[in-house]
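What follows is a set of notes on a single structure, which appears directly below.
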Amino acid sequence: MSRIGRLPVTVPAGVTVEIAENNKVTVKGPKGTLVKELPVEMEIKLEDGKVVVTRPNDLKKMKSLHGLTRTLINNMVVGVSEGYEKVLEINGVGYRAAKSGNKLTLSLGYSHPVEMVDPEGIETILDGQNKITVKGIDKEKVGQYAAEIRDKRRPEPYKGKGIKYADEVIRRKVGKTGKK
C-alpha cells in the first residue's frame, strides 16, 4: 500500500472540495479556486471533512498514480488556504531587480535588462533590490516561475554570482592558482 496515498487529506475550515465526473477536483478557499483533472483510474471520495484516495489494483502504474493523486489534492488544499511562496536572492556587483506593475526587470550583467511579466495568478514582491518573493496558490506555477527567473542567471561556483533560491547552497570551487 502506498504510504503517502493511504493518508487522508484533511480539509481545513473555510475550504470546500468538489469532485465531479472524470475526477475533476475543484478546491475553493479563502485565497482562491483551483481546478485540476486527476487520473481517472483513482477513486476519490469526500468522507466527513477528509479526502480519501483509493486505487483499483496493485499494478505498478496504479501504485505510482496513488501517491501522486493524493499529493496533488493536498497541494491544492494547502494552496487555497495558505498559498505558496519561493524566495530568490540576487548576488553579484551591479545585479539588481526592479518592479513596475506586473513587470519584473532584472539587471544581470548582460548588455540589456531582462524583463519578465508575472503570469496570471502569480505575484512577485521585491524586498530591497536583491530579494524576490514569488507568491501564488498553485504550487506548480510558483515553482515554475521561480525556476524561470533563476534560469536568467544561474549561480556560478567560483564567486557565487547569480540568482539562487534562499535555501539553496552553492558548492564553491577554488579558482586558479598562479605558477611558482
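Given the rule -39500 (n - 2.57) for each run of at least 4 DSSP H residues, summed and divided by the residues of the chain, what is its mean residue ellipticity at 222 nm, to the nearest 500 deg cm²/dmol?
Working: 3 runs with 39 residues, N = 180.
Helices in the chain give a 222 nm mean residue ellipticity of -7000 deg cm²/dmol.
For LYS164, the lysines whose Cα comes closer than 29 Å to its Cα, not counting residues fewer than 8 places off in the same chain, are LYS31, LYS86, LYS99, LYS103, LYS131, LYS135, LYS139, LYS141, LYS152, LYS173, LYS176.
Working from the alpha-carbon coordinates of the chain, get Rg over Rh, Rh being the Kirkwood radius.
Numbers: Rg = 21.1 Å, Rh = 18.9 Å.
Value, to two decimals: 1.12.
Each Lys and Arg Cβ is given +1 and each Asp and Glu Cβ -1; about its Cα centre, the chain then shows a dipole of about 1440 debye.
What whole number of Å gives the distance from the Cα centroid of the range 114-166 to the Cα centroid of the range 70-88? Taking the Cα centre of each part, the range 70-88 and the range 114-166 sit 17 Å apart.
Computed on the range 1-96, the Cα convex hull volume stands at 136 Å³ per residue. Based on alpha carbons, the Rg and Dmax found for the range 84-165 are 12.0, 36 Å. Rounded to the nearest Hz, the phi-derived 3J(HN,Hα) couplings of the range 121-126 under the Karplus curve 6.51 cos²θ - 1.76 cosθ + 1.60 (θ = phi - 60°) are x, 10, 10, 10, 10, 9, where x marks glycine and proline. Placing unit charges on each Cβ (+1 for Lys and Arg, -1 for Asp and Glu) gives the chain a dipole about its Cα centre, and among LEU72, THR10, TYR95 the Cα reaching farthest toward its positive end belongs to TYR95. Straight-line reach from LYS45: taking Cα to Cα under 17 Å and skipping same-chain neighbours fewer than 8 places apart, the aspartates and glutamates in range are GLU18, GLU21, GLU37. Of the residues ALA147, ALA20, PRO157, the one whose Cα sits farthest towards the positive end of the charge dipole of the chain is PRO157 (charges of +1 on Lys and Arg Cβ, -1 on Asp and Glu Cβ, taken about the Cα centre).
Expressed as a rounded percentage, what relative contact order does the chain have, with Cα pairs under 8 Å and six or more residues apart?
Values: 341 pairs, mean separation 31.8, N = 180.
Result for the chain is 18 percent.
Scanning the chain for GluC sites (Glu not before Pro) that sit in a DSSP loop and have at most 15 other Cβ atoms within 10 Å, the longest stretch containing none of them is 121-167.
Every read-out reported here was derived from the displayed coordinates using simple, explicitly stated rules and does not represent laboratory data. Remember, predicted model here, so these are calculated numbers, not experimental data. Note that each Cβ is placed from the backbone with ideal geometry, even for glycine, and that neighbours are counted across all protein chains shown.
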